[in-house]
Amino acid sequence: MTDTILPNGVEDSGGDGGYFKKGCNPLAQTGRSKLQNKRASLNQQIIKQMRMRAGAENLLKATNNNKVKEMVALELSYINSNLQLLMGQLEGLNSSVDVYQSAQETANIPLIALGLKETKDVDFSTPFKDFILEHYNEDGRSFDEEIADLMDVRQACRTPARTEIGVELLAKYYNHLPLIENRFFSPARQTGIFFTWYDSFTGMPVCQQNLSLEKASILFNMAALYSQIGTRSDRQTVEGLKEAVSAFQKAAGVLNLLKETFTHIPSYDMSPAMISMLIRLMLAQAQQCLLEKIVQPGVPNQFCSLIKIAQEAAKVSEVYDQVHQSMIQMPIKDHVPLFWSTMSQVKANHYRSMAHYFVASALLDHQLSPSDDEDQQEKTLSQVYDQLPEECLPLDILKNKDKRERFGKAHIRHAISGHEEAVRIYGRCEHLNKLDALKDILEASHHLSLEKYSDYEDEEEFTDYMEAPEVHPKTEHRAELEVPTATKVKVIDFFQRLGPLSVFSAKQKWTPPRTVRIYPVDRDEGFTLKGEAPVQVISLDPLSPAAADGLKEGDYIVTVGKKDCKWMGVGEMLQLLKDVDEDGIEIQVVSLMESSPTMPTKSATFSGNLPKTYSMICLAYDDEEKTPKSRKVTKKSSFLSWGLKNKNKSASTLSLPTVDQHGTLPWNKPIPTFPSSSSYNNDGSFH
């Protein structure tokens with residue numbers, strides 16, 4: 001459901017000439033769009049309650065009437081209760097992961113996607129037209145199409161398609177913002193344009209008059225869109241897993257770019273601490289998908305292969321544990337949904353238990369035989385542990401059957417207790433309880449670990465309480481930050497008719513155009529020109545007719561006759577002026593004025609690391625109610641000396657746990673994605 005916005009009515013030719021893909025139809029009744037509509041509605045209700053609270057608090061401070069104070073205090077208690085309920089509903093939306101999962105995804109542990117930040121509509125029309133008239137001395141109405149195109153693109157960015165086309169839309173708008181900023185946002189004056197965005201976790205509004213909040217929010221939504229692309233990927237296939245890994249790595253890369261570029265955004269969901277946590281979350285999910293990709297074809301039932309997968313699972317557990325530790329730190333804990341931190345804790349325990357399960361399978365199901373590579377197995381086992389109990393060496397464990405079985409049973413006991421802990425944590429989270437697929441995976445994993453232990457249980461050894469050493473995390477496929485190329489996409493300036501941005505920008509003030517008539521004598525001897533675009537007057541003869549008519553040294557020629565010349569270089573200007581007759585020709589020139597002192601930029605703020613204090617403009621406002629690029633300077637010469645410039649330019653396998661999609665209990669039939677003692681073939685291998 002996409003179409004194209006074409007600037008100035010240009011037809012789509014497949015080129016990059018600034019074409020934009022619109023986002024999905026906001027009225028489309030998809031699960032994701034319904035979720036975003038609910039989010040937008042909740043944000044509006046939250047800001048309404050905040051306005052009421054601000055008014056009540058002001059009245060409470062202003063009145064001395066005790067009866068009024070009692071009534072206001074009662075009203076404030078109702079408002080605060082409503083705010084708590086609304087924020088609880090918003091947390092529930094942020095805990096809704098089912099709508100972001102692939103339609104084919106019913107057998108793997110769900111992944112978390114970021115919701116898009118919501119914003120208010122912005123009307124650029126009147127402020128930009130006024131600025132064009134006052135600053136550039138041109139008719140702002142002649143730029144109606146360009147302004148409409150810009151507003152259409154911003155509106156489309158509110159409902160981007162959950163595809164690379166949607167990401168490209170956001171990236172193009174993001175890359176247009178510096179151009180818009182240089183054109184219209186002067187350090188000497190305010191435009192009167194308010195950009196309002198809502199915190200994606202709390203729904204609190206933040207309002208600014210500069211573009212920093214706009215740029216940062218678009219980057220956040222790019223990362224959110226990549227996270228949604230990752231969660232919707234079909235993780236039953238290798239290609240789908242590759243797509244998921246790439247998407248989560250790109251999400252982390254965009255978030256890292258946001259963190260490094262915008263360090264003082266007054267919205268807590270984009271604070272350095274929160275962004276650092278989200279980066280860890282995206283990389284952890286990429287690491288999980290990398291593990292699923294490794295085991296997707298099955299794990300060879302061999303000692304070294306099982307140990308390798310155990311360490312890969314331990315790595316996934318480690319990164320999720322780091323994510324969980326980040327989420328429970330204050331004040332992040334107060335902003336992140338409990339569902340997120342609980343899910344991270346469940347995954348940390350689940351994958352740690354899997355690591356112990358695979359080590360137990362390697363030790364219990366494989367004995368060192370004369371045909372095995374003893375040195376390789378010793379080296380492999382030595383890398384599993386950071387520290388072994390005293391008087392225990394890897395080779396001793398491999399050769400001694402009793403020690404090998406003792407260590408294996410210790411690992412399987414650790415796996416059982418870890419699965420039990422994961423199930424317990426799962427049961428205490430209301431939103432997590434709705435994920436039946438996750439519950440089935442946890443229970444199936446626990447049951448298979450119990451079966452493995454029962455195969456080697458010895459009642460005479462019930463007093464053996466040996467603790468299994470932790471499995472050392474190690475991976476050959478580490479998830480890394482990946483900055484998508486889309487963030488560097490080239491765009492064409494909507495307002496290029498105003499002239500080269502390096503010259504005609506909001507930072508530089510120009511005089512109104514002056515009309516000067518030049519004659520052949522001026523062309524030949526009166527002045528020389530320099531510059532690529534626009535052309536600048538230098539070496540002006542003060543006695544020439546042009547000088548007498550008002551031409552000044554340093555002027556820029558913007559029109560010759562009725563032709564706009566802002567983008568013309570010296571060579572093109574020569575072609576225009578060489579045929580000037582004795583009657584001469586009128587040109588228009590502008591002069592650069594001295595810069596005015598800059599004004600401080602207004603912005604919303606938060607104090608105490610909590611978004612408590614916002615600009616009152618934000619609450620009162622309602623929808624209803626780089627240094628200029630240096631120009632190459634040519635050597636001074638007479639007009640006639642100009643020349644046109646030279647233009648420089650295995651047999652048996654076992655795998656990770658999933659849900660049995662046939663409706664029977666997972667342990668009533670072979671589980672194709674998790675090791676089980678009942679999964680033996682006649683030759684002693686797994687099936």
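The values are calculated or read from the model by the stated rules, or taken from the named source; none is laboratory data. Being a predicted model, the structure only gives us computed values, none of them experimental. FYI the Cβ positions are ideal-geometry reconstructions off the backbone, even for glycines, and counts take in every protein chain you see. For accessibility, only protein heavy atoms count, side chains too; no ligands or nucleic acids. Shrake-Rupley method; radii C 1.70, N 1.55, O 1.52, S 1.80 Å.
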* Of the numbered conditions (1) surrounded by fewer than 22 Cβ atoms within 10 Å (Cβ to Cβ); (2) in contact with a Leu (Cβ under 6 Å, 6 or more places away or on another chain); (3) of a type outside the set (S, T, N, Q), I180 satisfies every one except a single condition; which is it? -> (2)
* Matching residues in segment 356-383 - criterion: being open to solvent by less than 10 Å² (accessible area, probe 1.4 Å) and either modelled with pLDDT under 85 or over 27 Å from E318 (Cβ atoms) (or both) -> L381
* List the pairs whose first member sits in segment 187-211 and is more than 23 Å from P331 (Cβ to Cβ), whose second member is small (G, A, S) and part of a strand (DSSP E or B), and whose Cβ atoms are under 8 Å apart, counting only residues at least 6 apart or on separate chains? -> Q209/S603; N210/S603
* When you scan segment 498-527, how many residues do you find that are open to solvent by 60 Å² or more (accessible area, probe 1.4 Å), more than 30 Å from G140 (Cα to Cα) and either modelled with pLDDT of 85 or more or outside any loop (DSSP other than H, G, I, E, B) (or both)? -> 2
* Structure fact -> The condition from (1) within 19 Å of G253 (Cβ to Cβ); (2) in contact with a Lys or Arg (Cβ under 8 Å, 6 or more places away or on another chain) that A156 misses is numbered (1)
* Residue that is most open to solvent (accessible area, probe 1.4 Å), among those in segment 57-91 that are within 37 Å of the chain's Cα centre (by Cα) and among the hydrophobic types (A, V, I, L, M, F, W, C) -> L85
* So A251, is it surrounded by 23 or more Cβ atoms within 10 Å (Cβ to Cβ) and either within 22 Å of A313 (Cα to Cα) or of a type in the set (K, R) (or both) -> no
* Asked: Just checking, which of L170, L133, L150 is open to solvent by 10 Å² or more (accessible area, probe 1.4 Å) and modelled with pLDDT of 90 or more?
  -> L133
* Taking into account only those residues within segment 254-273 that are modelled with pLDDT of 90 or more and among the aliphatic types (A, V, I, L, M), which is surrounded by the most Cβ atoms within 10 Å (Cβ to Cβ)? -> V254
* To do: Run down E214, E146, E181 and say which single residue is over 19 Å from P266 (Cβ atoms) and assigned to a helix (DSSP H, G or I).
  => E146
* Determine whether T126 is assigned to a helix (DSSP H, G or I), polar (S, T, N, Q) and either more than 22 Å from the chain's Cα centre (by Cα) or under 30 Å from F339 (Cα atoms) (or both). => yes
* Confirm whether E443 is more than 21 Å from L381 (Cβ to Cβ), touching a Pro at 6+ places or on another chain (Cβ under 9 Å), among the charged types (D, E, K, R) and modelled with pLDDT of 85 or more. => yes
* Go through (1) touching a helix residue (DSSP H, G or I) at 6+ places or on another chain (Cβ under 6 Å); (2) open to solvent by 10 Å² or more (accessible area, probe 1.4 Å) and name the single condition R404 misses. => (2)
* Is it the case that S276 is open to solvent by 20 Å² or more (accessible area, probe 1.4 Å), of a type in the set (G, A, S) and in a helix (DSSP H, G or I)? -> yes
* Structure fact -> If you go through N58, N64, N25, the only one that is assigned to a loop (DSSP other than H, G, I, E, B) and modelled with pLDDT of 80 or more is N64
* Answer with yes or no whether V558 is aliphatic (A, V, I, L, M) and either over 20 Å from Q496 (Cβ atoms) or part of a loop (DSSP other than H, G, I, E, B) (or both). => no
* Structure fact -> Going through (1) of a type in the set (G, A, S); (2) over 30 Å from I332 (Cβ atoms); (3) at pLDDT below 85 one by one, S591 fails only at (3)
* Asked: Which one of the conditions (1) under 35 Å from the mean Cα position of the chain (by Cα); (2) open to solvent by 50 Å² or more (accessible area, probe 1.4 Å) does I425 fail to meet, given that it meets all the rest?
  -> (2)
* Working carefully through the options K562, K530, K566, find the one that is within 20 Å of F184 (Cα to Cα), of a type in the set (D, E, K, R) and either out of contact with any helix residue (DSSP H, G or I) (no Cβ under 9 Å at 6 or more places or on another chain) or buried (at least 16 other Cβ atoms within 10 Å of the Cβ) (or both). => K566
* In the set A286, A310, A348, which member is assigned to a helix (DSSP H, G or I), touching a strand residue (DSSP E or B) at 6+ places or on another chain (Cβ under 8 Å) and open to solvent by less than 10 Å² (accessible area, probe 1.4 Å)? -> A310
